[in-house]
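First up is the structure itself, then whatever we jot down about it.
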């Protein structure tokens, strides 16, 4: 049973904001600032520079000019970013290498407990935080990732508050790794917490629909400890599949109909050093790039909320 220990709450104290200085990354910065402000957190900002090996497709005679121009642009961006972070204790980093690997290393070395990044889900030369790369990051890093996609219009004002939290689960251990975060963040603002399970089979194809519905609803209800109920308004929702409608579409529809301002998902980790072949048609990637609100992903298989997360006592 994956339930949040009574009397505990999430306290993000070390944040990492990953940026490629694109408009999509810029859209994620207000969320990083708002979370840092709420938790009085140390804020790190990182831009991963490509290696020379990643520039081999370019003509060698263009390298000196390109490197000089890139260096000039990056320095200007860093100066502006440093000014934006002056309100907080902060550090700006510029590692070199593969994005997911370098950010994972920063997370581990700085003991980060929340990574914030933006994604647009498109391929493009020179873009470092694509939808596919973002998915590799969230499957690699051992801390939760708050992803701000291209369809988010509003920005947090001052401290961040989540009033309607949607937690989607398929009851696997990977999925349930995100449950403590969904519960605690909903408790934080006494928010509505919607626990959603999508049954891929259409309801018309289930012989005893009432029994299945009752069984799965009880299973959802058991995920939330009684101690949490005075602090959040829990709702338990089942959705059944439709022809040609993947689970991601149903999750996005529920997110929209409930006006969720945060979607929480557990994701499978990557094993080994061969990397991840990410597919933008996957459930996670589709939600990351299409959700109208930020998405918090928690990697399954990592240690239970670690380092600075879930260490602050809640006063009941």
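For segment 126-238, the gyration tensor built on C-alpha atoms gives an oblate shape. Its axis ratio a/c (a ≥ b ≥ c) is at least 1.5, and a/b is not larger than b/c.
Cβ-to-Cβ counts within 10 Å put 261, 82, 113 in ascending order as 82, 261, 113, the fewest first. Note on segment 11-41 and segment 144-162: Cα centroid distance 9 Å, given to the nearest whole angstrom. With neighbours defined as other Cβ atoms within 10 Å of a residue's Cβ, the residues 169, 217, 119 order from fewest to most as 217, 169, 119.
When 181, 39 are sorted by how many other C-beta atoms sit within 10 angstrom of their C-beta, beginning with the fewest, the order is 39, 181.
Each reported figure results from applying straightforward, stated rules to the coordinates on display, with no laboratory input. All figures in this text were calculated on a predicted structure; none of them were measured in a lab. We place every Cβ from the backbone using ideal geometry, glycine too, and count neighbours over all the protein chains shown.
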